[in-house]
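Undergrad: First the structure, which I've put down as structure tokens, then a few questions once you've had a look.
Values quoted throughout were computed directly from the atomic coordinates according to the rules given, and no laboratory measurement underlies them. Keep in mind that this is a model prediction, so the values were computed, not measured. Please note: Cβ atoms are built from the backbone with ideal geometry, for glycine as well, and neighbour counts cover all protein chains shown.
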Amino acid sequence: MKLQRVFVLFLASLLCAGAVPAWAVNKDMVQLQTQVQQLQEAMTAMQRSFDERMGVMKNLVEQDTDAINKVVAALTTLQETLTKQQGDAGAKIDQLSGQIQALNDTMDEIKVRLANVTKQLQDMQAAQSSIQAQQAQQQAQQQAQAQAPPPDVLYNNALRDYNGAKNDLATQEFSDYIKFYPNTDLAGNSYFYLGEIQYRQGNYQQAAASYDQVLQNFPSGNKAASAQLKKGFALIELGKQDDGVNELRKLLQRYPHSPEALQARDRLRKLGVSSSGLASGRSRG
């Protein structure tokens, strides 16, 4: 140790000192030995104290090292736990996001289905309302027909009033006949006589429409030729000469030997147009 080397050097220096008397040397040697022994004891005590302190410090260092290692281990474990928790949290968030998206998709699908169901309900309600309205109309027609005169009586009364120039009364009766008995052949005749009354009154637009009802709904009726003739006349009166001429030429094609064909040719001659032109079906306003 360093202290022992210092002591040896010190002792050697004493031995090498100048010559002294023997009794002085003995006495000094005794003192020196005593001092050396005390110094050795002190050094031993110091060494022991030093070793004890070093042991304590080493123990403390070891304890601190253990504590640090434990702290490091705890931090590592905590870090791993946090990392795992973050990973689990991220996975849970992703899973939750997927579930929310699935719920949104389901809600959208439910909304579409609800809209379809609502549309179907509305259509059913509209259809039901339409059926109810038709039923109510049919019931009203049935009730009206039950209260209306028989068809032959109503038609004959209307025709009698028409021939008697009772135009307002005849118009009402022919209109009632069409209302109560719209699908009979005499309904076509009623439309024709309504057109005749309107033509007499100079209401050529309505007259043309009434004649057209005969042509559209009762093309094989006994008033079809007359209706086409008078429709042509009404259109000419309205200033639609080309359309009127076209109707008269159609009449000549369909009914070339009828009395109405003679009137059509006479009217075309007065207009200065040929009766042999092809009917084009054109409509000019």
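Undergrad: How do the peptides 223-231, 255-263 rank, highest first, by the average count of neighbouring beta carbon atoms within 10 Å per residue?
TA: Final packing ranking: 223-231, 255-263.
Undergrad: With +1 assigned to the C-beta of every Lys and Arg and -1 to the C-beta of every Asp and Glu, and no other charges, what is the dipole magnitude of the stretch 150-271 about the Cα centre in debye, to the nearest 20?
TA: 480
Undergrad: Could you order the peptides 268-274, 237-243 from most to least packed, using the average number of other C-beta atoms within 10 Å per residue? Before the final figure, lay out each step's value.
TA: On the way: 268-274: 12.0, 237-243: 15.7.
Order by mean packing, descending: 237-243, 268-274.
Undergrad: What residues from the stretch 86-111 fall in the zone where the backbone N is under 17 Å from a label point 7 Å along the Cα-to-C-beta line of THR118?
TA: Of the residues in the stretch 86-111, 107-111 have backbone N under 17 Å from the label point off THR118.
Undergrad: Specify whether the C-alpha gyration tensor of the stretch 150-271 places it in the rounded, prolate or oblate class, a ≥ b ≥ c being the square roots of the eigenvalues: rounded for a/c under 1.5, otherwise prolate if a/b is larger than b/c and oblate if not.
TA: The shape class here is prolate.
Undergrad: Among VAL214, TYR191, ALA170, whose Cα projects farthest towards the positive end of the dipole of the stretch 167-238, with charges put on the beta-carbon of Lys, Arg (+1) and Asp, Glu (-1)?
TA: Of the options given, the answer is VAL214.
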